[in-house]
1. What number does the chain give for Rg over Rh if you use C-alpha atoms and the Kirkwood radius?
2. Kindly rank 13-25, 31-43 from highest to lowest mean number of other beta carbons found within 10 Å of each residue.
Amino acid sequence: MAASQPTLKHFILRQEALRLYRHAIRASKAVQDPVTRRDTLAWIRSEFERNRHITDIDKIRGGRRELRQLFLTSIS
């Protein structure tokens, strides 16, 4: 199997990334200020776009942990 072919784990992580993206978009609705909300949405989108082509599973997992930590600290 070539290294560039996605594995089942890649597909699973992709689905989880999409779920986290949707969750981040929904969570941004809690931001009261419209300008801050728009900036937050732009930041979320740019971060996901910037990391869109990462295929290293360890890097994906690390990003997932960082994003979850961000959600936990922003909710608290």
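1. 1.04
2. Ranking the peptides 13-25, 31-43 by packing returns 13-25, 31-43.
Read-outs: derived from the displayed coordinates by stated rules, not from any lab. Computed from a prediction, not measured in an experiment: that's the story for all the values here. Heads up, the Cβs are rebuilt from the backbone with ideal geometry, glycines too, and the neighbour counts pull from every protein chain shown.
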